[in-house]
1. Testing S168 on (1) open to solvent by 40 Å² or more (accessible area, probe 1.4 Å); (2) small (G, A, S); (3) in a helix (DSSP H, G or I), one condition comes back false. Which one is that?
2. Between residues in segment 230-248 that are modelled with pLDDT under 95 and residues that are surrounded by fewer than 24 Cβ atoms within 10 Å (Cβ to Cβ) and not small (G, A, S), which pairs lie under 7 Å by C-beta distance while being six or more apart or on different chains?
3. Would you confirm whether any residue within segment 71-84 is outside any helix (DSSP H, G or I) and at pLDDT 95 or above?
4. Could you list, in sequence order, all residues of segment 111-130 that are in contact (Cβ under 8 Å) with a residue 60 or more places away in the chain and either closer than 19 Å to V144 by Cβ or touching a strand residue (DSSP E or B) at 6+ places or on another chain (Cβ under 9 Å) (or both)?
5. Can you find, within segment 171-192, the residue that is nearest to L204 (Cα to Cα) among those that are assigned to a loop (DSSP other than H, G, I, E, B) and over 19 Å from the mean Cα position of the chain (by Cα)?
6. Filter segment 80-96 for residues that are free of Cβ contacts under 8 Å to residues at least 24 places away in the same chain and surrounded by 13 or more Cβ atoms within 10 Å (Cβ to Cβ) and give the result.
7. Does at least one position in segment 179-191 carry a residue that is of a type in the set (S, T, N, Q) and at pLDDT 95 or above?
8. Kindly establish whether T254 is part of a loop (DSSP other than H, G, I, E, B) and open to solvent by less than 80 Å² (accessible area, probe 1.4 Å).
Amino acid sequence: MASMMFTDCSSSTTSRLFHLNRRNGTSLLRQCVGQLRFQTTASGRGCIRSSSSPISAISADTKSEGVATVIDGKAVAKKIRDEITVEVSRMKESIGVVPGLAVILVGDRKDSATYVRNKKKACDSVGIKSFEVCVAEDSSEEEVLRSVSGFNDDPSVHGILVQLPLPSHMDEQNILNAVSIEKDVDGFHPLNIGRLAMRGREPLFVPCTPKGCIELLHRYNIGIKGKRAVVIGRSNIVGMPAALLLQREDATVTIIHSRTKNPEEITREADIIISAVGQANMVRGSWIKPGAVIIDVGINPVEDSSAARGYRLVGDICYEEASKVASAITPVPGGVGPMTIAMLLSNTLKSAKRIHNFQ
């Protein structure tokens, strides 16, 4: 079998690790949170994403005519944003409070600046106030911590996130841990993750991308209880919290990672697959149990001379093959990605309601 490198990844716009490199004239787009190595028997070439019309509800136990239902993340995210808009307006009219989201941007990375702009636009679209602090690349860690502290103490701010990645001279964990747990709308604080892992405890916030994955399953009426679920990837941002969320929904969960033996065989047992590893088309149709539901978190560039940018984005799952076997599948792009920012807005609204005891 051929050895293949892949990165444990997330489509999360909150992870902010989406950057463009050019090597030997080839554009590479990565969104990485770690490095893993896997063995696979299949090439990642030749998979082209097809399209299908989504329907409002499906069952994980059904399979129709060899074409999977497309789980439309764009449509679901729009519906959630519309719901948030109504609640933000109701809160403002009832108690005069508008939820506020603060972003701390360190350095002048173009990709990070783009993400911040997108968050601001998303906030504006639902009526949430947005705050932004830009700190120079060569600033000290203490200066960033002062910005975090200022937002922690600001009553008009209900959610705080620090745009990643941070410069190498800064301790990322130290800065993320400084965010007040009551305003940790990214869900990265260790106390929130710890509560997520414990039975009988509730986190104040759940990380946005895995929360979006589960929300898609709920919105499409896909049963989770009693199902066999496989999560491919074990990152702190997606894989690990996704597995914890599935377990909370009473699924039987297996995590596949770099040391897993026979990943194809394990994946073929799954009723639900969530993949977040960052390897284009790694999971082939032969890996998938007929009728399985697939949530593809991966965002990976493949060269495409016909595309204006010289590349197109594909997921971890070979869509062309998987859509003939699965009962439902998320497209890339347009699946999990739009849900991530919708969940960020949802977490910010939730925080404001909790802080002001608004039902």
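The values are calculated or read from the model by the stated rules, or taken from the named source; none is laboratory data. If you're wondering where the values come from, they're calculated on a predicted model, not measured in any experiment. Glycine also receives a Cβ, built like all others from the backbone with ideal geometry; neighbour counts cover every protein chain displayed. Surface accessibility is based on the protein's heavy atoms, side chains included, excluding ligands, DNA and RNA. Shrake-Rupley method; radii C 1.70, N 1.55, O 1.52, S 1.80 Å.
1. (3)
2. Qualifying pairs under 7 Å: S235/V33; I237/V33.
3. Yes, because at least one residue in segment 71-84 is outside any helix (DSSP H, G or I) and at pLDDT 95 or above.
4. D111, S112, Y115, K119, A122, C123, I128
5. Ranking the candidates gives S180 first.
6. E83
7. Within segment 179-191, one or more residues are of a type in the set (S, T, N, Q) and at pLDDT 95 or above.
8. No: the conditions fail for T254.
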